[in-house]
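J.: Take this structure, written in structure tokens, and hold onto it; I'll ask about it next.
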Amino acid sequence: MNVFGVDIGGSGIKGAPVDLERGDLAEPRHKVLTPHPATPDGVADGVSEVVRHFGWSGPVGITFPGVVTGSVVRTAANVDKSWIDTDGGELLGDKLGLPVTVLNDADAAGIAEMTFGAGSGRKGVVMLLTFGTGIGSALFHDGRLVPNTELGHLELNGHEAEKHASTKVKDDDELSWEHWARRVQKYLEHLEMLFSPELFIIGGGVSRKADKFLPLIKHVRAEIVPAQLQNNAGIVGAAMAAARR
Ligand code: BGC
């Protein structure tokens, strides 16, 4: 069965029909730029453009880069603040005229990785982190998600972790891989102290370059692996969430 998945990110809105048996895109994804400011109406137009590109009619799963309870957006760290308390499910469902499911972006990526990727079959505490515009987190115990953990906002060296160790900060401040890896290492050590995961899965676009920084990370007891679905994990997880609903 195919279900449509959309991933709303700080820089792009991308989506594609997803083959749920294979856990992969059924067609090459289509991407539009995230509008700035990323207001609810502007983002909804972008989502609509992506879905219409495929002439899709059917259920749609959509990730959002903030806390989502039910279908209501509760936080908006890297998109326009007018999202807060917007019923994303209602807004996007009305815009598309299709049944939609909205969930946190890192949770979606985690759901996909736990089924089709680096976390498949893994028991115990598993933590997926996405490094991008912000830092997203998805926490699993024996394969079950604890939603909306928001661990990118933990304090690290007097800063919010995502303002210190996201890949946006790496790019903006032109940090070397060594410099950035030291920050990521501190962050992982802190998470390990709090949650003792058995496995960290490192996702987001940077997972493609895992060989540049994972070997630099030491002093973390847990196993650390790159995400396998890389940048498509959000799209796949969104479609999986819509299918489950
Ligand atoms: C948001 C999270 C999101 C992460 C990655 C953070 O700023 O608060 O909800 O998962 O960015 O997009």
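The values are calculated or read from the model by the stated rules, or taken from the named source; none is laboratory data. In this text the structure is predicted, and so the values were computed from the model without any measurement. Here the Cβ is made from the backbone with ideal geometry for all residues, glycine too, and neighbour counts use every protein chain on show. Note: accessible area is taken over every heavy atom of the protein model, side chains too, but ligands, DNA and RNA are not part of it. Shrake-Rupley method; radii C 1.70, N 1.55, O 1.52, S 1.80 Å.
J.: Could you tell me which of the pairs LYS31/LYS212; LYS81/LYS163; LYS123/LYS186; LYS123/LYS212; LYS31/LYS95; LYS163/LYS186 are separated by over 20 angstrom between their Cα atoms in the structure shown?
T.: Long pairs (Cα-Cα over 20 Å): LYS31/LYS212; LYS123/LYS186; LYS123/LYS212.
J.: If you don't mind, another one. What spacing in nm lies between the two simple spin-label points modelled at ARG52 and HIS141, each 7 Å away from Cα in the Cβ direction?
T.: 4.6 nm
J.: Also, quick follow-up: Dipole of the range 36-189, Cα-centred, from +1 at each Lys and Arg C-beta and -1 at each Asp and Glu C-beta, to the nearest 20 debye?
T.: Computed about the Cα centre, the dipole is about 480 debye.
J.: OK, next. With labels modelled as points extended 7 Å from the Cα through the Cβ direction, what inter-label distance (nm, one decimal) is found for THR69 paired with SER120?
T.: Between THR69 and SER120, the label points sit 3.5 nm apart.
J.: In the range 49-78, which residues have a backbone nitrogen under 18 Å from the label point lying 7 Å from ASP94's Cα in the Cα-to-Cβ direction?
T.: 49, 71-74
J.: Please state the shape class of the range 121-228: rounded when a/c is under 1.5, otherwise prolate if a/b exceeds b/c and oblate if not, all from the C-alpha gyration tensor.
T.: It is prolate, given that a/c is not under 1.5 and a/b is the larger ratio.
J.: Given a 1.4 Å probe and every protein chain left where it sits, what share in percent of the accessible area of the chain is carbon and sulfur?
T.: After summing per-atom areas, the C and S share lands at 48 percent.
J.: Take every Cα-Cα pair in the chain and report what % of them are more than 31 Å apart.
T.: Of the Cα pairs, 18 percent sit more than 31 Å apart.
J.: Pop the C-beta distance of ARG182 and ASP211 into the FRET formula with R0 = 22 Å and round what comes out to the nearest 0.05.
T.: Calculated transfer efficiency: 0.80.
J.: Quick check on the chain: helices-only [θ] at 222 nm, where DSSP H runs of length 4 and up contribute -39,500 (n - 2.57) each and the sum goes over total residues. Nearest 500, please.
T.: Helix-only estimate at 222 nm: -9500 deg cm²/dmol.
J.: Right, another one. Place a +1 charge on the Cβ of each Lys and Arg in the range 121-228 and a -1 charge on the Cβ of each Asp and Glu, then give the dipole magnitude about the Cα centre in debye, rounded to the nearest 20.
T.: About 300 debye.
J.: Can you list the residues of the range 97-138 with backbone N under 11 Å from a point 7 Å past the Cα of VAL220, pointing along Cα to Cβ?
T.: 127-131
J.: Can you tell me the accessible area per residue over the chain, all protein chains present, probe 1.4 angstrom, in square angstrom?
T.: 43 Å²
J.: If R0 is 35 Å, what FRET efficiency do you get for ASP87 and HIS36 from their C-beta distance, rounded to 0.05?
T.: Working from the Cβ atoms, E equals 0.95.
J.: Moving on. State, as an integer percentage, the relative contact order of the chain based on alpha-carbon contacts under 8 Å between residues 6 or more apart.
T.: Normalised by residue count, the contact order of the chain is 23 percent.
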